[in-house]
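Worksheet for the structure shown next.
The values are calculated or read from the model by the stated rules, or taken from the named source; none is laboratory data. This one's a predicted model, so the numbers in the text were calculated from it and none came from an experiment. Note that each Cβ is placed from the backbone with ideal geometry, even for glycine, and that neighbours are counted across all protein chains shown. Surface accessibility is based on the protein's heavy atoms, side chains included, excluding ligands, DNA and RNA. Shrake-Rupley method; radii C 1.70, N 1.55, O 1.52, S 1.80 Å.
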Amino acid sequence: MANNKLLGCWGFIVGAMVTVVIGWMAFELLIAFLAGLRIDGAAAFADPLLWHEAGELLIVGLTILGVYVWVFRGPAIAHFADTTCYAFWFGAALNLVAWIRLPTGARWSWWTFLLVVLGIAVPAILSRLAPAADTPTAT
């Protein structure tokens, strides 16, 4: 796949956009953390919204990166899925704790629960996207 020059060009462009999106999410997490630290001090670490944003960065960012690896790097998706499954599960755990701690009827409670489900399911889905290994056939 990577030998095609047009596909390589699109891979660069899409990779740059993936970097911008994940970078923006990380920037939002940093701003929320610094604002919470300024207002609440060390109690900002107990804020469920901060836990949600950290888990969201892990799950959504790695899912976007996984789709990029699958489309533009093909066989590398198996290694990517194996090395990132714990990060997905950690993001799901962060969102589960945030979902439990959010006030009843919170605006983002459905999104946090969806991220819990995605954090558990996406590593299995990404590992199944890997191309099947060539098995020798009996002749």
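Details
- The range 99-115: number of residues that are in a helix (DSSP H, G or I) and surrounded by fewer than 22 Cβ atoms within 10 Å (Cβ to Cβ): 7
- Test: residue in the range 56-66 that is farther than 22 Å from Ile125 by Cβ, modelled with pLDDT of 80 or more and of a type in the set (Asp, Glu): no
- Options Trp70, Trp51; residue that is of a type in the set (Phe, Trp, Tyr), over 20 Å from Met25 (Cα atoms) and crowded, with 17+ Cβ neighbours inside 10 Å: Trp70
- Failed item in (1) at pLDDT below 90; (2) surrounded by fewer than 16 Cβ atoms within 10 Å (Cβ to Cβ); (3) over 13 Å from the mean Cα position of the chain (by Cα); (4) over 17 Å from Ile120 (Cβ atoms), with Asp82 passing the rest: (4)
- The test for being open to solvent by 60 Å² or more (accessible area, probe 1.4 Å) and in a helix (DSSP H, G or I) holds for Leu96.
- Check on Glu28, under 30 Å from Pro131 (Cβ atoms), of a type in the set (Asp, Glu) and at pLDDT 80 or above: no
- Residue satisfying condition, being open to solvent by 50 Å² or more (accessible area, probe 1.4 Å) and more than 17 Å from the chain's Cα centre (by Cα), within set Leu37, Leu65: Leu37
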